[in-house]
Amino acid sequence: MEEDTQLQVNIERTLIKNGPKFLSHTVMIKSQIAYLRPTMSAMMFCIIYIVVGTFLLGLAGVTYWNSRQLDLTIFIGSFGIIIGVFGLALIKPFMKRARFDQVSGRFDNNQDRDVKLQHIVSLQILNKMVERGQAPSYPCYELNLLTKNGRRINILNHNDLPQMQLDALVLGQFLKVAVRDLRRDIQL
């Protein structure tokens, strides 16, 4: 005798442990495509590191050209490389791609398998506390999509609740699905 077993999916559990303490992305809609766009402040934060790293590499080159001091050149150049690579590593999450295309009927984020838009049943907003060891904890929010097959995929993750709610509403209207706000009260 075969028993029917249903798997319980906890839709209140967050998908991502950490998150930025600032607005990182917003949802944009152009014609029949909705996509994530990194905010200018998020990009500037990363670009500053890249520019400083590039400046230090240039300074290392000028130092060597003018004084032929190899040890000072290596010292300045090393810092330039470290800071520049750090900036490039920081910018990678902000270049996250998520695209809802009504023409092709697919959601694509270059991480998970594509999802047919007709399989998306709702969007959900969750909250969490990001704890950073000795640093103060802060609230953060996730916007996830839920499919009729029980999959959940993260779309956005940042701590600007009003923008998260607005983006969820706009995206929900674009996809013609409900938005479920599953936030719990958090003690700050």
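The values are calculated or read from the model by the stated rules, or taken from the named source; none is laboratory data. The shown structure was predicted, so the numbers you read here are calculated from the model rather than taken from an experiment. Cβ sites come from the backbone with ideal geometry, for glycine too, and all protein chains shown count toward neighbours.
For the stretch 148-175, what are the residues that are within 15 Å of ALA98 (Cβ to Cβ), modelled with pLDDT of 90 or more and surrounded by fewer than 20 Cβ atoms within 10 Å (Cβ to Cβ)?
VAL170, GLY172, PHE174
Provide a single number: the residues in the stretch 90-133 that are of a type in the set (A, V, I, L, M), in a loop (DSSP other than H, G, I, E, B) and over 12 Å from ASN154 (Cα atoms).
Count: 2.
Do we have any residue at all in the stretch 87-98 that's closer than 23 Å to CYS140 by Cβ, charged (D, E, K, R) and surrounded by 16 or more Cβ atoms within 10 Å (Cβ to Cβ)?
Yes, the stretch 87-98 has at least one match.
So ILE48 clears everything in (1) surrounded by fewer than 16 Cβ atoms within 10 Å (Cβ to Cβ); (2) under 22 Å from the mean Cα position of the chain (by Cα); (3) assigned by TED's automatic domain parsing to the domain that holds PHE107 except one condition, right? Which one?
(3)
Any idea which of ARG180, ARG106 is surrounded by fewer than 18 Cβ atoms within 10 Å (Cβ to Cβ) and out of contact with any helix residue (DSSP H, G or I) (no Cβ under 7 Å at 6 or more places or on another chain)?
The conditions single out ARG180.
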